[in-house]
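Below is one structure; the comments refer to it alone.
Only the coordinates and a few stated rules stand behind these numbers; no lab work does. No experiment lies behind these values; they were computed from the predicted model shown. Heads up, the Cβs are rebuilt from the backbone with ideal geometry, glycines too, and the neighbour counts pull from every protein chain shown.
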Amino acid sequence: MVINKQPSKKVFVVANMHAREWAAMTSAIYIIHELILNSNNYPEASTFQWIVVPLPNPDGYMYTRLERLWRKNRAAQQDNATGVDLNRNFAYKWELNLNEEDDDPHKETYRGPSAFSEVETLEAKYPDKCKVEPIGRSYEGRDINAIYINKQQNKKVFVVANMHAREWAAMTSAIYIIRELLRNSNSYPEASTYQWIVVPMANPDGYEYTKADDRFWRKNRAPQQDNALGVDLNRNFGYKWELYLNEEDDIPNEQTYRVYRDFKLYQAIFRVNTQLWLDALATENPQKCQLQKLEETYEGRNVSAIVINYNLPKKIIVIGNLQAREWVGMTSAVYIIHELILNAGNYPDANKFQWIIVPMPNPDGYEFSREHDRKWNKNRSPQSNANFGVNLDSNFNNQWNVNGNPSRADPAGRVYRGPAPFSEPETRALRDLMHNHVDAVLLVDLQGFGQLILMPWSWTEEPAPNADRTRAIAIAALLFSGKVSVEKIGETALGRDINVININYNAKKKVILVANLHAREWAAMSAALYIISELVYNGDQYPELSQFRWMIIPMANPDGYDVIDDPTDALHRFLSYDETNEFMFTLLQLFPKQVSVEKLGETWLGRDINMMTINYNARDTIVLVANLHAREWAAMTTALFIIFELVYNGHHHPELSQFRWMIIPIANPDGYEFTRERDRYWSKNRSPQPDSQTFGVDLNGNFAYKWEENDRPVEPKDRTYNGPQAGSEPETRAISKLLESIGPDILLFVDMHTFGNHIFHPWSYSTEPAENVELTKAVAHAGADAIRFKYEEYYTVGTPSQLYRRVYGTPIDYCQSLRIRVCLWLEMTNSGFQFEASRIMRYGEEGWTAIKAMALKAAEVFDEKQIDFAEQLESVAYVLCGDGTVTYDKFCQIWHAKGILDKLYRLIDVDCTNLISTNQIMEFISNLTNSRSSWS
């Protein structure tokens, strides 16, 4: 990792050359963390360029998880030894060796067969010139490495050596080229104008075989049909492969054997190695497909995905064979791959999609079911009490902790769920795949057996939020049966088909059902789908209905339905700016009497700053602003979660209907989109600054209160740059105008951020307390307490200047300057700026818990006009002692003596405050007046 690329002076940090020295790696990571996230604490460090290699020995490091004290890398050596001590493999005085153990490949201090024999040391020696990257893996699991030299150059020279295993001189020549380009580059000035990509050992399995067994072996070592081994790699490329003049090229036992393309001949291959078949497909059809390694299993096999039509936007994910014994899942996936690549012309509709297919997500288990136990279903990772394997179907993190069957917690059981969610590399691979493709339109998990199409949820009988749509898609599979047909009867203005589903289409009497003419009436569509499901799946239970031909149009208004998109989508992935607006306008169409959407302003790039208002006829107002800092995605999703709760589950929170909720989920649209497309950690907006070279202002410091008092000059390129003047940005002007226009009605203002587990109150610019600070603190503590009671998460309450640092021009200070009743800054979560889609609901619930509690507390402490406690005492004194015969001091003595003052204090809900409500004091006046006769 290169940090501070501009300075010319460089500091080079390398850690973990010895695999077992984990603390060196974690120290390097800590250095990276401090240099990037806390750079202001180390001004002198910013004068250097830092080049940090935290893990130069990754193979050795991963091996230490099996053998904790391993020290070397994992490169194969002579005499069946493994590994080189990288700390002794550098080319300075390497030839001077005083210790015989350093030349013994079986010793942990083995220095290697030659200086820089290991790719790890090459990259460490020449980090500016050289980059070593694996470009693939051999059948036996060895990395095929490419060395990139002069990567900044555009013109490229590509050198490949050792395709034929026995041709050692080709490999040593390639190594010599690498050595000269790196160590003696000054001798070859013309060579430095090119980028060199050198693969010195393209056939590592074959090369190792020539060293250990057969010096004249030529091919690789991949299994072929008829128990043969190896392919001539020099004849296996996808240009004119099908034209051959020599019959020997198609005889597996000959040294020139090439791989067959025909699928029938592949059948013999993928029984042995599906991975080889996928590799061959990807190599021969690079314009159609790409092969991606997702993860590596416990036994070292690849979990691979093949991506077909990889340039298309609409995606379908297919997973086969999670259960090892269910071979039909894998073979079906392989058949789909074959058809999509080799017979694509037969499926024009399928060519409209990008297909992401994982044919064998459980390779270890599959191989075990072939070689040892045909009914084995789990993977093969070691578990407690000498058991093996986890049921991958139960290892995903959705209701994982709901046990149900006791054997799910038993490592010996067939359905064992694993020690923790995503404990297995196979499920982590699929999790990451789904996260990377959350925009996929369909995911299918292929399993056997039962002739069933199952849909969420698996853990409860309750349907998932999008159950109707999912059921409709599942029912589409039934159209291949002879009982059901689909017919296009028209087309909408936007070109969508209007379809009728015919059931028992040979019957004469007809029943016609039309649903969803009104787009928002989803229940009508779901009822039609239910009827279809019953007639198709359970028709034998309704024999009297088989006399009819059922003609059902479940979606008569597809254009309108598509506009009314599924709002629950916002709770499961990070929406784009446009999708967030669609979410709000969808709710507006569904609930026009409850919600409204208002444009507050427009960003520099022309995006609308939109606000949703809920219960817009109420007066006491709660204002929530989220995502002023672009990278704080969880603030935005929490705002959407709160909108969803108020709109869909408002009946569960009747006490909140007294408020008007005004919510701005994306206050910084330009910055947010920039974090999605370009720079995940960008925080500012995207307005150009006066120097014409930098972009963006920290909106959290651009409000027009005490902005000018910031005595720390900040450069426009800095993350905390607060703009050329107060209120210079359209986003801050839009929010300021809103606060000014409805200020007297605002009960609570919350500026939502991440991260830190703090609730800040004014002032930000000073350590002095703001007016009514105790009331504001009481509201903040209500939110912190609510989170602590529900989630055992601890939030601190205080001013930014107390808990963080002085900040000028903040929204809460501007809010306080308008005398708005409660102004707070909420810093949610304590997990940085990388947010997981799987935790969107959790983020939302935490923020919702706090804001709900704070809104109710604000309503309680400001339920009526507040007056100073001393004035209340005078009022009571005047009522009780109106004739003036008892002095005020005497009255207070009597009152305190009777214990009434203490009782009144206990009624005050806010700690350490001198304020109570008029109703409370009037009630006490009445009680005290009635007992006046006893106070003589």
Label point distance in nm, residue 534-residue 771, each placed 7 Å from Cα along Cα→Cβ: 6.6
On a C-alpha basis, how far is the centre of the range 781-826 from the centre of the range 408-476 in Å? Whole number, if you could? 40
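Rank by packing, highest mean first: peptides 208-221, 180-193, with packing defined as the count of other Cβ atoms within 10 Å averaged across residues. Intermediate values should be presented prior to the final figure.
Values: 208-221: 17.5, 180-193: 12.8.
Going by the mean number of other Cβ atoms within 10 Å, highest first, we get 208-221, 180-193.
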Compute the distance in nm between two label points, each set 7 Å from the Cα along the Cα-to-Cβ direction, one at residue 486 and one at residue 59. 5.1
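Between residue 26 and residue 184, what is 0.36 nm times their sequence separation minus the Cα-Cα distance? Round to one decimal in nm.
Numbers: separation 158, 0.36 × 158 = 56.88 nm, distance 3.48 nm.
Result for the pair: 53.4 nm of gain on full extension.
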Once amide hydrogens are built 1.01 Å from N within the peptide plane, the residues lying 5 or more places from residue 317 or on another chain with amide H under 5 Å from its amide H are 356, 442, 443, 444
Please rank 239, 705, fewest neighbouring Cβ atoms within 10 Å first, as an exposure proxy. 239, 705
Per-residue HN-Hα couplings for the range 14-23 [Karplus 6.51, -1.76, 1.60; θ = phi - 60°; Hz; x = Gly/Pro]: 10, 10, 6, 4, 8, 4, 7, 8, 4, 4
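State the extension gain, in nm to one decimal, for the chain segment bounded by residue 680 and residue 693, taking 0.36 nm per residue of separation less the distance between their alpha-carbons.
Values: separation 13, 0.36 × 13 = 4.68 nm, distance 2.04 nm.
So the extension gain works out to 2.6 nm.
Can you sort 636, 17 by how many other beta carbons sit within 10 Å, fewest first? Walk me through the numbers on the way to the answer.
Numbers: 636 28, 17 24.
Result, fewest neighbours first: 17, 636.
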Compute the distance in nm between two label points, each set 7 Å from the Cα along the Cα-to-Cβ direction, one at residue 140 and one at residue 414. 3.8
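How much length would be gained if the chain were fully extended between residue 464 and residue 527, taking 0.36 nm per residue of separation minus their Cα-Cα distance, in nm to one decimal? If you can, show how the numbers build up before the last one.
Working: separation 63, 0.36 × 63 = 22.68 nm, distance 1.58 nm.
Length gained between residue 464 and residue 527: 21.1 nm.
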Run the dipole for the range 359-442 about the Cα centre, Lys and Arg Cβ at +1, Asp and Glu Cβ at -1, nothing else charged, and hand back the magnitude in debye, nearest 20. 260
Show log10 I(q)/I(0) for the range 611-769 at q = 0.13 Å⁻¹, two decimals, from a solvent-free Debye sum over equal Cα scatterers. -0.67
Loop-located GluC sites (Glu not before Pro) in the range 452-559 whose Cβ has at most 16 other Cβ within 10 Å (DSSP): 461, 521
For the range 1-71, the Kirkwood Rh over every pair of distinct alpha carbons, in Å, works out to 12.9
Output needed: percent of Cα pairs per 5 Å distance bin for the range 271-431, bins running from 0 to the one holding the longest distance. 2, 9, 18, 21, 17, 13, 10, 6, 3, 1, 0
Reduced to Cα centres, the span from the range 495-552 to the range 139-184 in Å works out to 65
Log entry: pair-distance distribution for the range 736-837, C-alpha pairs binned every 10 Å from zero, whole % per bin is 16, 47, 30, 7, 0
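Arrange the peptides 67-73, 37-43 so that the one whose residues have, on average, the most other Cβ atoms within 10 Å appears first.
Numbers: 67-73: 18.4, 37-43: 10.7.
The packing order, highest mean first, is 67-73, 37-43.
To the nearest 0.05, what FRET efficiency results for residue 401 and residue 226 with a Förster distance of 60 Å applied to their C-beta separation? Kindly include the intermediate steps, with their values, before the conclusion.
Details: r = 51 Å, r/R0 = 0.85.
FRET efficiency, residue 401 to residue 226: 0.75.
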Residue 38/residue 789 FRET efficiency (R0 30 Å; Cβ-Cβ; nearest 0.05): 0.40
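Once R0 is set to 30 Å, what does the formula 1/(1 + (r/R0)^6) return for the Cβ-Cβ distance between residue 548 and residue 497, expressed as a FRET efficiency to the nearest 0.05? Can you show the working numbers first?
Working: r = 24 Å, r/R0 = 0.81.
With a Förster radius of 30 Å, E is 0.80.
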Mark the label point 7 Å from the Cα of residue 66 along Cα→Cβ and return the residues of the range 72-106 whose backbone N is within less than 17 Å of it. 72-77, 80-84
Would you calculate the volume per residue, in Å³, of the smallest convex hull containing every Cα atom of the range 467-563? 97
Among the range 483-524, those whose backbone N falls under 15 Å of a label point 7 Å along Cα→Cβ from residue 590 are 519-524
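Can you put 620, 205 in order of Cβ neighbours within 10 angstrom, beginning with the fewest?
Values: 620 18, 205 23.
Least crowded to most crowded, the residues run 620, 205.
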